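Quick notes on the structure that follows.
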Amino acid sequence: MATSDDVRAGGSTDLEQLDGLVIPPFSRRGFVMTSLMTGLTLATTRVEAQAIHTDEAGIVAGEVRIPVGDGPMPAYRAMPQGAGPFPIVLVVEEIFGVHDYIKDICRRLAKAGYTAVAPELFARQGDVSTMTDVQQIVREVVSKTPDAQVMGDLDATAAWAAAEAKGDAGKLGITGWCRGGRTVWLYAAHSARLKAGVAWYGNFGGTRTGIQPKTAADVIPEIRAPILGLYGAADTGIPVADVEAARAAAKSAGKEVEIVIFPDAPHGFHADYRPSYRKGPAEDGWGRMLAWFRNHGVA
């Protein structure tokens, strides 16, 4: 079977399997985005005054390049000052790219003692920094990003963090928001090195395709690490019934999964730059996330 690097190089002509994810042959397409966007996503109607900005006192933060099979992938890295090593948290973006909100999350995690790295996982498929239409982002970028590519990029990010950013490879966590929340579930089924994950309102359903063959719900019986799922009861895109079904599936499969559903919280309740932000659930969820990492070997 071809490795992820082989597939990225376009070395196979048949459909392959990597950890259950179908990999179609795709060429060395290179990176459309060669650097991260500046500021916040354009695909939001307005930026709220409560948007949080975390300074860089006591940490080292900035844009980096992570070597992967087909070139340097842009990413944002934040870590504490000092010798390390520090536990690693992979930070997975929403559909809007690694913009200032995601960068700030990395800085917040660095302040809490982690090496936090957010790779730009859509860099090959399109430049989301220029897009203002959510449906365009989904149609032209998100739906065309192979899950196997994402898993490989996250593996590469974890390895880079350990080698180049004072990270402790034995203390690996992941967290993600919205689409990134879905990715947390998939990565927990993919990685044998992962210690724990925290998924913020990641969708359990969706359309299965050749390059995205499994939903988050599909992989629950396969997850290898404890997962904390943070969801909102008022999320119109993720029915509470789906969240409860995921809880039941995890219990049936004997997996260590904790699901928290915040009353009256909508989708995006942690996104402090958007009107969906809810301070109470956002802060509660953040505290639960840090405790989850501490209690499951990512600290």
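The values are calculated or read from the model by the stated rules, or taken from the named source; none is laboratory data. None of the values given here were measured: they were computed from a predicted structure. Positions of Cβ are generated from backbone atoms using ideal geometry, with glycine treated the same way; all protein chains shown enter the neighbour counts. We work out accessible area using only protein heavy atoms, side chains counted, and drop any ligands, DNA or RNA first. Shrake-Rupley method; radii C 1.70, N 1.55, O 1.52, S 1.80 Å.
Given 37 °C and 0.692 mPa s, compute D for the chain with the Stokes-Einstein relation, Rh being the Kirkwood radius over Cα pairs; round to the nearest whole µm²/s. It would help to have the intermediate numbers written out before the result.
Details: Rh = 19.0 Å.
Rounded, D is 172 µm²/s.
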Theoretical ellipticity at 222 nm over the chain - DSSP helices of four or more residues, -39500 (n - 2.57) apiece, nearest 500: -9000 deg cm²/dmol
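So what's the net charge close to GLU256: Lys and Arg +1, Asp and Glu -1, counting the other residues with Cβ under 14 Å from its Cβ?
Numbers: positive: LYS195, ARG224, ARG247, LYS251, LYS255; negative: GLU222, GLU258.
Net charge around GLU256: +3.
For THR130, THR41, THR209, give the ranking by accessible area with the largest first, probe 1.4 Å.
Values: THR130 90, THR41 5, THR209 55 Å².
Largest accessible area first, the residues go THR130, THR209, THR41.
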Reduced Cα scattering model of the stretch 183-299, Debye log10 I(q)/I(0), q = 0.14, 0.16, 0.18, 0.19 Å⁻¹: -0.57, -0.75, -0.94, -1.03
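Quick check: residue separation of GLN50 and ARG139 times 0.36 nm, minus the Cα distance between them. What number comes out in nm?
Details: separation 89, 0.36 × 89 = 32.04 nm, distance 3.02 nm.
Here the segment from GLN50 to ARG139 would lengthen by 29.0 nm.
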Options VAL60, VAL150, GLY82, ranked by Cα towards positive dipole end of the chain, top entry (Cβ charges): GLY82
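At 1.4 Å probe size, with the rest of the protein present, what percent of the exposed accessible area of the stretch 48-296 is carbon and sulfur atoms? Each step should come with its number before you reach the end.
On the way: 4480 of 8780 Å².
For the stretch 48-296, the apolar C and S fraction of the accessible surface comes to 51 percent.
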Accessible area (Å², per residue) of the chain, counting only protein heavy atoms and a probe of 1.4 Å: 39 Å²
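At a 10 angstrom cut-off on C-beta neighbours, averaged per residue, how do the peptides 76-83, 275-282 rank from highest to lowest? All intermediate terms of the calculation are to be shown ahead of the outcome.
Values: 76-83: 19.0, 275-282: 17.4.
Top of the packing list down: 76-83, 275-282.
If you put +1 on each Lys and Arg Cβ and -1 on each Asp and Glu Cβ, how big is the dipole of the chain around its Cα centre, in Debye rounded to 20?
Values: 30 positive and 34 negative charges, 73 e Å.
Dipole of the chain, to the nearest 20 debye: 360 debye.
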Sorted peptide list for 101-114, 257-270, criterion being average Cβ within 10 angstrom, highest first: 101-114, 257-270
Count of Lys pairs (Cα-Cα under 17 Å; at least 8 positions apart or interchain) in the chain: 6
Mean separation of Cα contacts under 8 Å, 6 or more apart, over the residue count of the chain: relative contact order %: 17 percent
